[in-house]
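Written out below as structure tokens is the structure these notes cover.
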Amino acid sequence: MTAIATPLPEDIQAVRDGVLEFARAEVLPRHAANRALFENPRALFREDGRLCDEALALVREVRMAAAKAGFYSMSVPEELGGAGFGMLAYYVCWEALFRTCGPSNWLMLYAISHWAFGPSKVLERVTPKARDEILGPMMAGEQSMCFGLSEPGAGSDASKLTTKAVADGDGWRISGRKIWTTNSPVADYCTVFARTESGEGSGISAFLVPTSSPGFHVERIIKMFGSIGGDEAELRLEDVRVEPWQLVGALHQGFATAIYGVSIGRIYNSARAVGYGRWALEVALEHAKTREAFGKPIAEYQGVSFPLAESAMELHAAHLMGLNAAGLLDQGAPAVKELSMTKAYSVEIGVRAVDRAMQAHGAMGFTNEMHLVEAWHSLRAVNVADGTNEILRRTIAQRLLKGDVEV
Ligand SMILES: Cc1cc2nc3c(=O)[nH]c(=O)nc-3n(C[C@H](O)[C@H](O)[C@H](O)COP(=O)(O)OP(=O)(O)OC[C@H]3O[C@@H](n4cnc5c(N)ncnc54)[C@H](O)[C@@H]3O)c2cc1C
């Protein structure tokens with residue numbers, strides 16, 4: 001049974017089925033075998049908030065197995081050694097992974113390379129020497145990276161960032177602070193965005209910086225939603241030397257690279273919201289059919305079933321929007337408005353779907369064992385990451401007012 005009239009191309013169906021098979025073979029068994037570790041935050045995280053070595057080894061194992069199986073770099077261009085799939089395949093595969101694995105089997109996050117943490121189309125912009133240096137270990141899943149754009153004083157308005165790259169011989173020295181940089185506590189490289197010209201509206205450049213560089217400091221792991229560890233950190237760069245080969249894209253044009261990457265992130269997060277939303281809806285339906293109150297299954301009360309019907313309507317709409325936005329990107333359209341609408345709508349309705357599933361479970365909905373709380377946390381944060389819902393509305397309104405009124 002399908003709810004969508006246009007069938008997916010056969011190669012996309014095949015890669016989706018393949019990545020799900022991979023998750024069943026390489027992700028689910030690892031979670032089953034390491035349940036005691038994963039369910040004990042005191043063992044899972046080190047004192048400083050980083051994942052423990054055992055968990056990091058599992059992450060690396062999954063990344064490397066996915067690379068070997070060909071899924072990890074599925075959306076990396078063929079010239080760089082990837083499978084060359086576009087955004088539609090990326091959306092479809094991520095949505096299927098999130099829906100099938102749910103929030104508890106989080107090692108699935110490493111089955112496909114996330115654009116900011118591993119190889120992606122963004123690497124087309126690195127220099128030939130950088131390709132020689134990083135492409136091999138990055139494509140093999142041995143190493144990872146992170147994306148250093150946001151700063152304590154520049155979030156939504158990232159173009160106001162103050163990290164500076166000051167010319168030093170034929171290279172630069174970078175100084176400044178970054179915040180919320182996901183994966184930075186364990187990454188091998190960071191794409192650092194820094195100002196290379198001074199003055200209003202001046203140029204920002206992107207640099208590939210090894211996190212082992214002298215002067216590159218992970219100041220603290222940022223803990224969110226009551227967790228004792230996390231993936232986000234605050235960074236301090238102090239006179240970090242970079243050479244011309246470390247430049248990503250053209251000098252002073254780094255902001256375009258940031259926007260390009262964030263667009264891939266918006267497709268990923270739209271898929272995450274629909275995938276988790278569908279997972280939560282299915283969990284809630286199962287519960288509602290079996291849980292009884294006042295002599296019958298609670299599914300027979302419209303107070304329980306109608307909110308789930310509401311979720312289904314919203315998820316269906318968001319799913320179609322995601323497929324459409326990804327398809328437009330694959331046709332070469334910038335799809336700025338469509339992508340903004342899709343990401344904002346998907347993450348809002350994804351959170352609502354999880355919230356309704358919690359309500360349908362009663363007290364069970366808030367327990368750790370149901371994992372609904374993890375899905376809620378994950379999607380609630382995505383209402384801010386990769387462009388807040390307000391900034392996305394601002395973009396949509398700007399496009400509409402410029403005459404882009406097609407909907
Ligand atoms: C889980 C997570 C992971 C992240 N990972 C990364 C990462 O890897 N790398 C990275 O560089 N950054 C990352 N970020 C940072 C993220 O990009 C910023 O949080 C985001 O851009 C918002 O910036 P801010 O938090 O400073 O909020 P602010 O910009 O301070 O905004 C505060 C509030 O004001 C609203 N607001 C601001 N301007 C307007 C306006 N013009 N109109 C209406 N409302 C407005 C915002 O929508 C928001 O509600 C991550 C964030 C999260 C939550």
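The values are calculated or read from the model by the stated rules, or taken from the named source; none is laboratory data. This one's a predicted model, so the numbers in the text were calculated from it and none came from an experiment. As a convention, Cβ positions derive from the backbone with ideal geometry for all residues, glycine included, and neighbour counts pool all protein chains shown.
Of the strands (runs of 3 or more DSSP E) lying entirely inside region 202-303, the ones with 3 or more residues being on the phi < 0 side of the Ramachandran plot and not hydrophobic (A, V, I, L, M, F, W, C) are found at 216-222, 232-242. Scanning region 133-150 for residues that are outside any helix (DSSP H, G or I) and either more than 8 Å from the ligand (Cβ to nearest atom) or within 25 Å of Val62 (Cα to Cα) (or both) turns up Ala140, Gly141, Glu142, Gln143, Ser144, Met145, Cys146, Phe147, Gly148.
Annotation note: Cβ proximity below 6 Å between a residue of region 313-327 that is within 19 Å of Glu282 (Cβ to Cβ) and a residue that is hydroxyl-bearing (Ser, Thr, Tyr) (sequence gap 6+ or interchain) occurs for Ala318/Tyr345; Ala318/Ser346; Gly322/Tyr91; Gly322/Ser270; Gly322/Thr342. Going through (1) surrounded by fewer than 19 Cβ atoms within 10 Å (Cβ to Cβ); (2) more than 26 Å from Arg99 (Cβ to Cβ) one by one, Gly70 falls short only on (2).
Any residue at all in region 244-260 that's within 16 Å of the chain's Cα centre (by Cα), farther than 17 Å from Met145 by Cα, outside the structural domain of Ser175 (by TED's automatic domain parsing) and polar (S, T, N, Q)? Looking through region 244-260, none of the residues is within 16 Å of the chain's Cα centre (by Cα), farther than 17 Å from Met145 by Cα, outside the structural domain of Ser175 (by TED's automatic domain parsing) and polar (S, T, N, Q). Restricting region 355-392 to residues that are within 16 Å of the ligand (Cβ to nearest atom) and in a loop (DSSP other than H, G, I, E, B) leaves a set whose member that is nearest to Ile264 (Cα to Cα) is Asp386. Meeting the requirement of 2 or more residues that are within 16 Å of the chain's Cα centre (by Cα), the helices (runs of 4 or more DSSP H) wholly within region 27-117 are 53-69, 87-101.
Yes or no, residue by residue, for (1) of a type in the set (A, V, I, L, M); (2) surrounded by fewer than 20 Cβ atoms within 10 Å (Cβ to Cβ):
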| position | (1), (2) |
| --- | --- |
| Arg266 | no, no |
| Gly277 | no, no |
| Phe294 | no, yes |
| Ala309 | yes, yes |
| Val354 | yes, no |
| Phe366 | no, yes |
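Test Asp168 against the stated conditions and say whether it is surrounded by fewer than 18 Cβ atoms within 10 Å (Cβ to Cβ) and within 13 Å of the ligand (Cβ to nearest atom). No: the conditions fail for Asp168. Please determine, by comparing only the residues of region 219-236 that are in contact with a Ser or Thr (Cβ under 6 Å, 6 or more places away or on another chain) and over 21 Å from Asn40 (Cβ atoms), which one is surrounded by the fewest Cβ atoms within 10 Å (Cβ to Cβ). For region 219-236, the residue satisfying everything is Glu232.
Of all positions in region 152-159, none carries a residue that is within 15 Å of Ser213 (Cα to Cα), modelled with pLDDT of 95 or more and not in a loop (DSSP other than H, G, I, E, B). In region 379-407, the residues that are on the phi > 0 side of the Ramachandran plot reach residues that are more than 9 Å from the ligand (Cβ to nearest atom) and at pLDDT 95 or above with C-beta atoms within less than 6 angstrom, at least six apart or across chains, in these pairs: Asp386/Arg266; Asp386/Asn269.
When you look at Arg177, is it touching a Pro at 6+ places or on another chain (Cβ under 7 Å) and away from the ligand (no atom under 11 Å from the Cβ), yes or no?
Yes: the conditions hold for Arg177.
Remark: pairs (first residue in region 1-16, at pLDDT below 95; second residue assigned to a loop (DSSP other than H, G, I, E, B); Cβ separation under 7 Å; 6+ apart in sequence or on different chains) are absent.
Here is a check on your reading of the model: is His371 surrounded by fewer than 22 Cβ atoms within 10 Å (Cβ to Cβ) and touching a His at 6+ places or on another chain (Cβ under 6 Å)? No, not satisfied.
Output yes when any residue across region 315-322 is part of a helix (DSSP H, G or I), hydrophobic (A, V, I, L, M, F, W, C) and out of contact with any helix residue (DSSP H, G or I) (no Cβ under 6 Å at 6 or more places or on another chain), and no when none is. The answer is yes; a qualifying residue exists. Of the residues making up region 393-407, those that are within 16 Å of the ligand (Cβ to nearest atom) and not aliphatic (A, V, I, L, M) are Arg393, Arg394, Thr395, Gln398, Arg399.
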